[in-house]
1. Could you calculate the contour length gain from Gln78 to Ser344, that is, 0.36 nm times the residue separation minus the distance between their Cα atoms, to one decimal place in nm?
2. Between the stretch 105-164 and the stretch 7-47, how far is it from one alpha carbon centroid to the other, in angstrom?
3. Any lysines with Cα under 29 Å of the Lys351 Cα? List them, leaving off those in the same chain fewer than 8 positions away.
4. Once fully extended, how much extra length lies between Glu358 and His128, figured as 0.36 nm per residue of separation less the alpha-carbon to alpha-carbon distance?
5. Suppose each label sits 7 Å from its Cα in the direction of the beta carbon; what would the Cys16-Ala235 distance come out to in nanometres?
6. Can you give the extra length, in nm with one decimal, that the chain gains between Thr220 and Gln140 once fully stretched, where that is 0.36 nm per residue apart less the Cα-Cα distance?
Amino acid sequence: MKCVHDEINLYICGQCDYKASDLQSLREHKRTHHPLLHRCDVCNYTTTKKCNLERHLRTHTGEKPFACTQCDFTTATQSHLTEHVLRKHTDARPFPCTQCDSKFVTNHKLQTHILRKHTNFRPHRCDHCKKTWVTQGDLQRHVRAVHLGEQPYKCGECGRVFSRADSLRTHEALHESSEAWTIVCPYADCATDAAEQGVPCGKRFPLPWKLEYHIKFFHTLGGLRTHLQTEQKMANLFQAHGIPYLRDWQNAVYHSHCPQLALPGSHSRPDFLLPEFTAAVNAYVLVGNDEFAHRQYPSHCELKRVLNITSAVSAYHEQQSVRLAYIRFNPHHYMKGDILYDPSLESRHAKLLQLLEELQSGSYELQDQGLTLIYLYYDRTADGELSFFKDLDSVLAPAMAACARIYEE
């Protein structure tokens, strides 16, 4: 970009009509209005800073020059290494959110969380699909992943590729066995008593703060009270949006034959039947608000619970086959690999309403017959599979894969 010094001592921009009385002002104008873009030769990434391009190129080369001194972790950036050390090797979460219980290792992550979860500020719009995003980085990742199909993030362990860095980090946790986690919950499941007084919770954690977080919500009177309030809050949600429902209806399902479900009660039930949606989609639409998430039970017990409810509905209506949509809703925190997520209940309710709207409009398709099982906000393995079904055998796993789905958060 050339600079022209005219007869009256003005510095003139060679790309527009801007004029400045000094060279520094012209340079600042060029930097903000005509930035020099550094382009990636592999993909469409551009940046105004050369250091950003150098960092981006590592996503293609796989170079990870920054190594943790406490484990084998390596990464492409110093900031990711610092975050890893705080997240994996300390209990430090020095940046708490004042609007919810979330805590973060960096102020940047806190501010991004506030924008994403507690505001409607979405200034960045996609030119392809008109979706809006909080940050320019969110928009760029969306375009590269959804509209360009790029997958620049590669796992150094197995070679699998991903469109997002956080998806890669979640996947990498798959290569770390949770069996090595030595911090075990000392309480009985869904109780304030010690493990000896009931079914042990037994959940394991890599760091003390994660155990403390778990105890707060699953083993204190306040936490248990919150759990029991979530079903009523769902009823209030349906009332506020004019959605008729039947509650505490006849389809109670007894599971005393299952020793793993040795709870104070002896049956399960789908909390809500939605007759309006049942008529609209020609299928019985049930919503189960899972107060306790039942994390410690093995896969076959979750499977029995679901199949027993399906059988009970069929028997109640004296039909051999019933088309059924059963939505399982977890109102509490959940895990993706070893990463804990805890979005607000309001945002989860909004996602549930979105699913119901898609069901009613026909844009969300159910199975042609039988059961469609839809999970919202449940624990997943690091590669995105439902933790409920991670240990199913080779016969049951395909059967559940055919009917069980995750409604993406």
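FYI, it's all coordinate maths here, none of it is from the lab. Fair warning: this is a prediction, and the values are worked out from it, not measured in the lab. Positions of Cβ are generated from backbone atoms using ideal geometry, with glycine treated the same way; all protein chains shown enter the neighbour counts.
1. Numbers: separation 266, 0.36 × 266 = 95.76 nm, distance 3.09 nm.
Working it through step by step, the gained length comes to 92.7 nm.
2. First find each Cα centre; the distance between them is then 28 Å.
3. Lys103, Lys109, Lys117, Lys130, Lys131, Lys203, Lys210, Lys216, Lys233, Lys304, Lys336, Lys390
4. So the chain would gain 80.7 nm between Glu358 and His128.
5. For Cys16 paired with Ala235, the spin-label model returns 6.0 nm.
6. Values: separation 80, 0.36 × 80 = 28.80 nm, distance 4.25 nm.
Extra length available between Thr220 and Gln140 comes to 24.6 nm.
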